[in-house]
1. Of everything in segment 84-141, what is of a type in the set (Ser, Thr, Tyr), within 20 Å of residue 64 (Cα to Cα), open to solvent by 70 Å² or more (accessible area, probe 1.4 Å) and part of a loop (DSSP other than H, G, I, E, B)? Give them in sequence order.
2. Somewhere in segment 44-64, is a residue surrounded by 13 or more Cβ atoms within 10 Å (Cβ to Cβ), of a type in the set (Phe, Trp, Tyr) and more than 12 Å from the chain's Cα centre (by Cα)?
3. Can you tell me which of 100, 129, 93 is more than 15 Å from the chain's Cα centre (by Cα) and under 18 Å from residue 56 (Cβ atoms)?
4. Does segment 24-41 hold any residues that are surrounded by fewer than 13 Cβ atoms within 10 Å (Cβ to Cβ) and of a type outside the set (A, V, I, L, M), and which are they?
Amino acid sequence: MIIPAFVSTQQCMQCPKKHHRGSILGPVLFNLYVADLQKELDCPCYQYADDTTFFLHTKVADLGTCVNNMNGAISRLGNYSSDSNLALNEYKTKWMLLSTKQMARVHSLQTASVNISCNGENLERVTRTKLLGVHMLELLT
């Protein structure tokens with residue numbers, strides 16, 4: 001399961017007036033500001049600029065537990081964002097269930113009822129995404 005979570009820093013951090021939006025200093029300051037995020041999520045996390053992607057790996061039999069763990073990680077992300085004066089945009093946050101074609105067919109994963117939520121809103125499930133320029137499909141084809 002991959003959750004690309006997009007955290008927006010607009011109007012959240014006060015920077016010196018000499019710092020212009022879009023300069024090279026912005027991403028550096030942001031990365032320093034959120035350097036401790038991964039330990040808060042308690043799952044593998046990849047960050048690039050203000051985009052954060054985290055994932056959990058599980059067996060099909062443990063999918064329910066994995067969903068609970070993912071919802072817990074998203075809740076911790078929301079708390080972290082709030083405590084850090086950052087805005088978590090649940091409308092730009094999507095999730096994807098990755099598997100092989102055979103595994104999805106045998107276990108009906110493409111039609112499985114899985115609810116991943118953020119701030120009480122169910123997140124959109126996607127079948128394809130682009131991660132750092134790499135196109136990913138849920139069936140790994």
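1. The initial filter retains those residues of segment 84-141 that are of a type in the set (Ser, Thr, Tyr), namely 84, 91, 93, 99-100, 108, 111, 113, 117, 127, 129, 141.
Next, from what is left, pick out any that are within 20 Å of residue 64 (Cα to Cα): 99-100, 108, 111, 113, 117, 127.
The next check asks that each one be open to solvent by 70 Å² or more (accessible area, probe 1.4 Å); those that pass are 111, 113, 127.
Passing the criteria: 113, 127.
2. Checked segment 44-64: no residue is surrounded by 13 or more Cβ atoms within 10 Å (Cβ to Cβ), of a type in the set (Phe, Trp, Tyr) and more than 12 Å from the chain's Cα centre (by Cα).
3. Details: 129 fails: more than 15 Å from the chain's Cα centre (by Cα); 93 fails: more than 15 Å from the chain's Cα centre (by Cα).
From the options 100, 129, 93, the qualifying one is 100.
4. Listed by number, the residues that qualify are 36, 39.
The values are calculated or read from the model by the stated rules, or taken from the named source; none is laboratory data. Being a predicted model, the structure only gives us computed values, none of them experimental. Methodologically, a virtual Cβ is constructed for each residue, glycine included, from the backbone with ideal geometry; neighbour enumeration extends over all protein chains shown. These accessible areas exclude ligands, DNA and RNA; they are computed on the full protein's heavy atoms, side chains included. Shrake-Rupley method; radii C 1.70, N 1.55, O 1.52, S 1.80 Å.
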